[in-house]
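A.B. asks: Have a look at the structure that comes next, please.
A short reminder: the numbers here are calculations on the coordinates, not readings from a lab. None of the values given here were measured: they were computed from a predicted structure. Cβ: placed from backbone, ideal geometry, glycine included. Neighbour counts: every protein chain shown.
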Amino acid sequence: MSGDPLKEPSSPAIGGVACYLSRPAPTDGLTRCDDRPMSPETEPTDPAAVRRRQARENAEYHHAAAARAAEAEARRTAPMVAAFAEAMRASGIEATRLRALPYSGGRSLRTDVVGWYVRRDHRAAVGTDGRWYVLVVAPSLRARLAGVHVEPSDAPLQVGAGGRDGDSVALDVLLQLRLDAGPDFPA
């Protein structure tokens with residue numbers, strides 16, 4: 001061996017994999033590669049428990065990967081949406097008070113957001129604040145009487161993905177089509 005403690009296994013292989021520690025392994029008990037103590041209580045030997053632990057770790061990994069992908073997509077789309085709002089203001093297209101649609105269908109509900117619809121079905125809009133709004137909400141009597149507060153959300157790169165044929169369109173194309181429509185867009 002080379003004599004470098006970072007390059008040599010400091011303890012026998014754990015689970016068939018050599019464990020490389022930065023310091024000599026303790027001789028009084030087994031440890032994991034991350035120096036946490038290993039005991040029968042913390043390391044299940046039941047094959048079903050091992051599979052459950054691995055499935056949980058896999059799910060956590062995939063959830064974290066999906067969150068990273070969503071953050072990256074939001075970083076790409078936020079400038080597009082903000083630039084669209086600025087272009088709409090610069091072209092003199094008047095913003096309107098937006099209305100939200102209940103999940104169950106029916107009459108639209110007042111919102112506290114002013115902006116421009118970007119879809120003809122009025123399910124998505126860009127506010128004057130340069131944020132993306134999904135205008136589909138849970139129906140309620142309170143919302144019917146007092147209106148509804150809509151929170152901004154992250155714009156998707158592909159608007160309507162997973163929907164019916166023809167409903168899906170790239171965000172940059174949708175925003176350009178809406179900008180080109182000008183004040184003639186259905187209100």
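A.B. asks: Can you give the FRET efficiency to the nearest 0.05 for H62 and S168, using r as the Cβ-Cβ distance and R₀ = 30 Å? Show your work: numbers first, answer last.
C.D. replies: Details: r = 24 Å, r/R0 = 0.79.
Calculated value: 0.80.
A.B. asks: From the phi of every residue in the range 67-75, what ³J(HN,Hα) in whole Hz does the Karplus formula 6.51 cos²θ - 1.76 cosθ + 1.60 yield, where θ is phi - 60° and glycine or proline is x?
C.D. replies: Residue by residue, the range 67-75 yields 5, 5, 5, 5, 5, 5, 5, 5, 5 Hz.
A.B. asks: Using a Förster distance of 35 Å, how high is the FRET efficiency between R142 and Q176, based on the Cβ-Cβ distance and rounded to 0.05?
C.D. replies: 0.40
A.B. asks: For F185 and S108, FRET efficiency with R0 = 22 Å and r from the beta-carbon atoms, rounded to 0.05?
C.D. replies: Values: r = 16 Å, r/R0 = 0.74.
About 0.85, to the nearest 0.05.
A.B. asks: Roughly how large, in nm² to one decimal, is the mean projection of the convex hull of the alpha-carbon atoms in the range 57-156? Walk me through the numbers before you get to the answer.
C.D. replies: Values: hull surface 31.3 nm².
Averaged projected hull area, Cα only: 7.8 nm².
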